[in-house]
Amino acid sequence: MHIDYPFIWTAFKFLLAAVPLTLLMTILPILFGFIIALLVTYIRLYKIKVLAAAAGAYVSFFRSTPAILHVMLIYLGIPVLIIKFGHIFGIGFNANKIPVFIFVIAALSLTAGAYLSEAVRSGILAVDTGEAEAGYAIGLTHSQVIRRIVLPQALFYALPNFVNLFGGFFHTTSIASIVAVPEITGKAIIAASNNYEFLEAYIAAAIIYWGITILFEWLAHLTDQKLSQLKGGIT
Amino acid sequence: MITIHNVHKAFGRHQVLKGIHLTVQKGEVVTILGPSGSGKTTLLRCINYLERPDEGQVEFGGKTIDYKHPSKKDILFLRRHTAMVFQQYNLFSHKNVLGNVTEGLTVARKIPKREAEEIAMAQLERVGLADKAGHYPNQLSGGQKQRVGIARALAINPDVILFDEPTAALDPELVGEVLEVLLEIAETGVTMIVVTHEMEFARRVSDHVIFMDQGIIVEEGSPHQIFHQSREERTKKFLHRVSPAYLYQQV
Amino acid sequence: MAWSRLLQIQLLKKGGNILQAFEWHMVVNFIPTLLKYLPLTLYILGVSLICGFIWGIIVALPKVYKIPVLQQLSSIYISFFRGTPIMVQLFVVFYAIPALTAAVGIDTSKMDPLYAAIATYALSSAASIAEIVRAGINSVDKGQAEAAYSIGLTGRQTFFRIVLPQALVQAAPNFWSLIIGFLKDTSLAFSIGVMDMSGRGQTLITSSNHSLEVYISLAIIYYLTAIVLEKIFAFMEKHVKRNETRLLTIFDMNIQ
């Protein structure tokens, strides 16, 4: 079996340069997604009629469809929307000028937002309803019960989920290679086709992803430990 | 000084409360007894609107509130002048003991922090837990947790405190410390409505006893009347069944 | 790589002529065309997951019974397939198969990428399934095994007749999420040239020049398929749990 081992090393070094971009593409959508998740949660907890249905549909759609479709729909769809509704608001800029990267971040933020919404939701379900009742019973308003009793604990319970989602999202960025974003997989494809050394390039990519994932898992483990310590004083 | 009229409540097709009338005077200790499923806990939770009655009114603090369409202000009024002690304690697990007791003061009543802490510490002294102010609920025993719950209720100085089977979840040896606190509170003239299975407590401490079964008040009266002179067959049967002699009569 | 050329064409089209008229009726037209390939997608999903299930249980066993050496190998296997993106796995398997078989003299370079895809999804799902099974087994009360031993069942009988069935029931929701998750992952198989639903979508894009409509059609089909799967699972769950009472959640509690 002929494997060009030296090239794996060459490719590895080449791909390392893509790690910062890939990490950026992991972090930004998670941050934006978290804001979206808080919005969705707020809507759900206050049962704001129309928006709650929209929020539910959003979470359902973005969790039930492949992420690659999210990227394509945003990438191709937003320019169409800009043209269609630009007339109404007088916006007429050429959507072609927007770099792909922005669309990818936007799409992945929506993807992350849906999954993070569910993580927050399961965190909320983990809070004892009795504590919320006690809050109401001493005269706290709905808003106060949510802000002071439910959410702090919900986010705490959801933290392990968040960390897992973060690690998983690092892998999701690989789909951006399909729209020619030079993250790890994207660069691997370039290295592979430029040198006709396909297996070696992809093995190098696998090694990088694997290594960084192991790092994330170690961080997750530390976080779990820290949380258990804190839990000793809380739960 | 709190009167509820004609309270009905159904869960689905099951009618749990079938028209309850109840009056409690200031400073009275009222105990509600009855078999499980009689609706006594539901009744208690209807008073502060943790359950939503289908029908009924409450006269309280000079206001009359219709349970069918209460305004937000009415509900908050109810809850800011009553307090509840829960069977499962329901302490806020992310706050320490002091934080649990001050929450109702600082947040619901906008009392400044220092004043709230003074009040809280005074109530914690009263229930014998002043030294645990910095502890978290998961570091306390069941009896201690319940006493914190009582302190939390006392701190907001309510017109009436609602007790939902306060000792039912406790290990037997911890029941005593909680009952002691309840006795002391009753003696200081706090208005209390207590749902309980502790018959001796009911007999000795109540001013008024209510026996409920299947959603209606079957009989009510002074402790002596209920425990020794009950007129209704159902009351007698219930009391007989919860007395120790019943279990061992065949032996 | 055929698909990368498709992609370049797509990008050129978009860059050059943004005024591609968007038409809803095209979405409706595309759906039946794409639906013809849904069975293939589901076939890939089904075969991969069945193989993955069997292989996953095998991989889980050394970890459950703490068999030396094999246990570590299992851990490495699971770590690799859960530590790399599915796309990279597809590429690696796609190029590794010919390389491996060439070493024993078999030429598989013209093999249908379908097999590489199924192999990848099977290997990948096995890793996740192993973890789910392991968690499920650990969640079964030890007392169950003890009771089984006490009436004379052997270790193997206890595992297969008492522990594993309960473990699988406990783990069922996780399995179902996994199935839906891999349904989404199959959408990447086109990148190694598999002509499944997504692959057909790519060819539709080149032939019709209406990429957005194709993706919308695909999204609709994937979404509905996932919903159907979720409904099936909810039905099964309700049937199994028909005697449990419903709990009040904080979301139901807006008491104002």
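The values are calculated or read from the model by the stated rules, or taken from the named source; none is laboratory data. The structure displayed is predicted, hence computed values, not measured ones. Note: ideal-geometry Cβ built from the backbone for every residue, glycine included; neighbour counts use all protein chains shown. All accessible areas refer to the heavy atoms of the entire protein, side chains included, with ligands and DNA or RNA removed. Shrake-Rupley method; radii C 1.70, N 1.55, O 1.52, S 1.80 Å.
Rounded if a/c is under 1.5, else prolate if a/b beats b/c, else oblate: with a ≥ b ≥ c from the C-alpha gyration tensor eigenvalues square-rooted, which is the protein assembly as shown?
Prolate, because a/c is 1.5 or more and a/b exceeds b/c.
Check which residues have an amide H placed less than 5 Å from residue B:19's amide H, if you skip close sequence neighbours.
Sorted by chain and number, the residues that satisfy this are B:7, B:8, B:9.
So how far apart, in nm, are the two label points at residue C:24 and residue C:164 if each is 7 Å from Cα heading toward Cβ?
In this crude spin-label approximation the distance works out to 5.2 nm.
Take each uninterrupted DSSP H stretch in chain A, measure its Cα extent along the helix axis, and return the ones at 20 Å or beyond whose mean Kyte-Doolittle hydropathy is at least -1.0.
Counting only whole DSSP H runs, the qualifying helices are A:19-45, A:49-64, A:67-89, A:100-125, A:151-172, A:198-234.
If you count, for every residue in A:141-149, the Cβ atoms of partner chains within 10 Å of its Cβ, what is the mean?
Counting Cβ atoms of other protein chains within 10 Å of each residue's Cβ and averaging gives 4.
Could you work out, residue by residue across C:100-111, how many beta carbons of other chains sit within 10 Å of that residue's beta carbon, and then give the average as an integer?
1
Any idea how far the Cα center of segment C:180-196 sits from the one of segment C:16-90, in Å?
The distance from the Cα centre of segment C:180-196 to that of segment C:16-90 comes to 7 Å.
Pop out the carbon and sulfur fraction of the accessible area of chain C as a percent, whole number, probe 1.4 Å.
65
Just to confirm my numbers, what's the Cα centroid distance between segment B:178-197 and segment B:76-148 in Å?
Between the Cα centres of segment B:178-197 and segment B:76-148 lies a distance of 17 Å.
With each run of n ≥ 4 DSSP H residues scored as -39500 (n - 2.57), what mean residue ellipticity at 222 nm is computed for chain A after dividing by its residue count and rounding to the nearest 500 deg cm²/dmol?
-27000 deg cm²/dmol
Name the aspartates and glutamates eligible as straight-distance cross-link partners of residue C:184: C-alpha to C-alpha under 17 Å, and not fewer than 8 places from it in the same chain.
Hits, sequence-local ones excluded: C:196, C:230.
For segment B:132-181, which whole-number percentage of the solvent-accessible area (1.4 Å probe, protein heavy atoms only) is attributable to carbon and sulfur atoms?
Answer for segment B:132-181: carbon and sulfur cover 38 percent of the accessible area.
So what's the back-of-envelope 222 nm ellipticity for chain C, counting only DSSP H runs of four-plus at -39500 (n - 2.57) apiece and dividing by all residues, rounded to 500?
Helix contribution divided over all residues of chain C: -24500 deg cm²/dmol.
Using a simple spin-label model with points 7 Å from Cα along the Cα→Cβ vector, what separation in nm is obtained for residue B:232 and residue B:184?
Using points 7 Å along Cα→Cβ, the separation is 3.6 nm.
Excluding same-chain residues fewer than 8 positions from residue B:26, which lysines have a Cα within less than 22 Å of its Cα?
B:40, B:63
Could you give the length gained on full extension between residue C:151 and residue C:234, defined as 0.36 nm per residue of separation minus the Cα-Cα distance, in nm?
26.3 nm
Report, in deg cm²/dmol and to the nearest 500, the calculated mean residue ellipticity at 222 nm for chain B, where each DSSP H run with n ≥ 4 adds -39500 (n - 2.57) and the sum is divided by the residue count.
When only DSSP H runs of four or more count, the value is -11500 deg cm²/dmol.
In straight Cα distance, which lysines are under 28 Å from residue A:97, not counting same-chain residues fewer than 8 positions off?
Once the sequence-local lysines are set aside, what remains near residue A:97 is A:84, A:187, C:13, C:14.
With the Cα gyration tensor of chain C giving a ≥ b ≥ c as the square roots of its eigenvalues, does the rule (a/c under 1.5 for rounded; else a/b larger than b/c for prolate; else oblate) give rounded, prolate or oblate?
Oblate, since a/c reaches 1.5 and b/c is not below a/b.
Rounded to the nearest 100 Å², what is the sum over both chains of accessible area buried where A meets B, with a probe of 1.4 Å?
Answer for the A-B pair: about 2000 Å² buried.
Can you give the mean number of other chain Cβ atoms that lie within 10 Å of the Cβ atoms in peptide B:89-97?
Going residue by residue through B:89-97 and averaging, the value is 6.
Tally Lys and Arg at +1 and Asp and Glu at -1 over the other residues with C-beta under 9 Å from the C-beta of residue B:42: what net charge comes out?
Once positives and negatives cancel, what remains is +2.
In square nanometres, what is the average projected area of the Cα convex hull of segment C:34-162?
Reported value for the Cα convex hull: 10.8 nm².
Answer rounded, prolate or oblate for chain A, using the Cα gyration tensor with square roots of eigenvalues a ≥ b ≥ c: rounded when a/c is under 1.5, else prolate when a/b is larger than b/c, else oblate.
Since a/c reaches 1.5 but b/c is at least a/b, the shape of chain A is classed as oblate.
Can you compute 3J(HN,Hα) from phi for each residue in segment B:131-146, using the Karplus curve 6.51 cos²θ - 1.76 cosθ + 1.60 with θ = phi - 60°, rounded to whole Hz and x for Gly and Pro?
So the Karplus estimates, Gly and Pro as x, are 6, 9, 4, x, 6, 9, x, 6, 9, 10, 7, x, x, 5, 4, 5 Hz.
Taking the Cα centre as origin and putting +1 on Lys and Arg beta-carbons and -1 on Asp and Glu beta-carbons, what dipole magnitude results for chain A, to the nearest 20 debye?
Dipole about the Cα centre, nearest 20: 780 debye.
Please report the spacing between the Cα centers of segment A:127-160 and segment C:141-169 in Å, no decimals.
Here the answer is 41 Å between Cα centres.
What do you get for the angle between helix C:38-64 and the principal long axis of chain C? Use alpha-carbon atoms, 0 to 90 degrees, nearest ten.
Computed tilt is about 30 degrees.
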